[in-house]
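Reviewing the structure listed below.
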Amino acid sequence: MQAAPARPAPRVGRLPRGPRDAITDVPGVTVGHCTLAEGDVQTGVTVVRPHGGDPYRDRVPAAGVVLNGFGKSVGLMQVEELGVLETPIALTNTVSVPAVAAAQIRAAIADNPEIGRALPTLNPLVFECNDGYLNDIQRMAVAACHYRDALDAAGSAVAEGSVGAGRGMSTFGLKGGIGTASRRVRTRARGRFTLGTLVLSNFGKPSQIRVCGTPLAAHLRAAAGEPESGAEPPEKGSIIMIVATDAPLDARQLRRLALRAGAGLARTGSVFGHGSGDIALAFTTAYTVPQDPARPMPAPTLLHDAELDPLFEAAADGVEQAIIHALWRAQAVTGRDGHRRDALTDLLPGWAEILGA
């Protein structure tokens, strides 16, 4: 007998979704994973490509926001200064940042052999979360070939949960990982736009979890047969939140958009703890900025600031939805030293009744 289809994850907000409910609903954006899942090695790489061309020669406007800076990312300083991306966005574990950054540089040089000579150097962009509970992070298992595999795998279909960089990640003491979502918005003067989100979810204490406003900690404890928890260890997780849109925005507006990702994160129960690295990056595919000074700079007609509210709502809803998707799509993983993270849907098969869904 064929298994019944899984119940869809809880739905956030009132805005319509794109056809995939994924960041790849933004035209041109693709996502690829490389997953390492063998014994004590439970990790990987995820790559978000802003367009199908060469992002070094045709850069996209971008801006980042650091909500809590307990992180080891590479490339944020130049993004803040210049307001553009020069590479795809790479996600991995904490100690693999240098290897992935080097792989990004090598890949760009292969396409542009004069980088660092006749051409400017490259600003790699790599974000990280610490997957050391499930993954033997000291193995430094991620290599340049894994970045290349994720880059080559980039497409419009986005696997979620325990895949790619999300393989070893935990959320609220459960299995976390990769989640994505999209929302369609309408502006008064400029019509419709798409906003997509993708998260690397690895944050939160078990007592904090909220889904669509409903606290789930007591239900999860009961399902696991655990007593009411006492003192919890401090927050040591992180989350990377990527926001993409096809709305014509500049870096200043994108920074404002990235900041709204924090609203979606907070709704799930996060308080941006002392030991958490909570970072959001927003970019637009509406136009590109040439690396070559001989090419003319674009002069796009930007969306008026007064029209940004629908995008702000979409960013908050989209990040919350992506976190929920990471929890709902994740599968249980057993990794380093027998450490295990269970999937929320395994522990709470009756979650729909709890949420009134």
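Name the residue, out of A315, A326, A343, that is more than 30 Å from A251 (Cβ to Cβ), in contact (Cβ under 8 Å) with a residue 60 or more places away in the chain and either of a type in the set (A, V, I, L, M, F, W, C) or touching a helix residue (DSSP H, G or I) at 6+ places or on another chain (Cβ under 6 Å) (or both). Full working, then the answer.
Working: A315 fails: more than 30 Å from A251 (Cβ to Cβ); A326 fails: more than 30 Å from A251 (Cβ to Cβ).
Step by step, each of A315, A326, A343 is checked, and only A343 is more than 30 Å from A251 (Cβ to Cβ), in contact (Cβ under 8 Å) with a residue 60 or more places away in the chain and either of a type in the set (A, V, I, L, M, F, W, C) or touching a helix residue (DSSP H, G or I) at 6+ places or on another chain (Cβ under 6 Å) (or both).
Could you check region 179-275 for helices (runs of 4 or more DSSP H) lying wholly inside it with 1 or more residues that are within 23 Å of T345 (Cα to Cα) and open to solvent by less than 10 Å² (accessible area, probe 1.4 Å)? Write out each step before concluding.
On the way: elements: 217-224, 251-259, 261-267.
By residue number, 261-267.
If you take the residues in region 148-169 that are of a type in the set (A, V, I, L, M) and assigned to a helix (DSSP H, G or I), which one is surrounded by the fewest Cβ atoms within 10 Å (Cβ to Cβ)?
Filtering region 148-169 for residues of a type in the set (A, V, I, L, M) gives 150-151, 153-154, 157-159, 163, 165, 169.
Next cut, assigned to a helix (DSSP H, G or I) only: 150-151, 165.
Working: A150: 29, L151: 20, A165: 31.
The qualifying residue surrounded by the fewest Cβ atoms within 10 Å (Cβ to Cβ) is L151.
Tell me, which strands (runs of 3 or more DSSP E) wholly within region 8-80 include 2 or more residues that are open to solvent by 20 Å² or more (accessible area, probe 1.4 Å), hydroxyl-bearing (S, T, Y) and at pLDDT 95 or above? Give the derivation first.
Working: elements: 30-38, 41-49, 58-69.
Correct list: 30-38.
I need every pair where a residue in region 261-277 that is touching a residue at least 60 places away in the same chain (Cβ under 8 Å) and closer than 17 Å to F70 by Cβ has its Cβ under 7 Å from the Cβ of a residue that is open to solvent by 10 Å² or more (accessible area, probe 1.4 Å) and of a type in the set (D, E, K, R), sequence separation at least 6 or different chains.
Once the first residue is touching a residue at least 60 places away in the same chain (Cβ under 8 Å) and closer than 17 Å to F70 by Cβ and sits in region 261-277, its partners that are open to solvent by 10 Å² or more (accessible area, probe 1.4 Å) and of a type in the set (D, E, K, R) give G273/E235; H274/E235; G275/E235; G275/K236; S276/E235.
I need a count of the residues in region 310-357 that are of a type in the set (G, A, S) and within 14 Å of the chain's Cα centre (by Cα). Outline the logic, then answer.
First, the residues of region 310-357 that are of a type in the set (G, A, S): 314-316, 318, 322, 326, 330, 332, 335, 338, 343, 350, 352, 356-357.
Keeping just the survivors that are within 14 Å of the chain's Cα centre (by Cα) gives 315-316, 318, 322, 326.
Total satisfying the criteria: 5.
The values are calculated or read from the model by the stated rules, or taken from the named source; none is laboratory data. Note that the structure is a prediction, hence the values are computed from the model and not measured. Because the Cβ atoms are built from the backbone with ideal geometry, glycine has one as well, and the counts that use them run over all protein chains shown. These area figures cover heavy atoms from the full protein model, side chains too; ligands, DNA and RNA do not enter into them. Shrake-Rupley method; radii C 1.70, N 1.55, O 1.52, S 1.80 Å.
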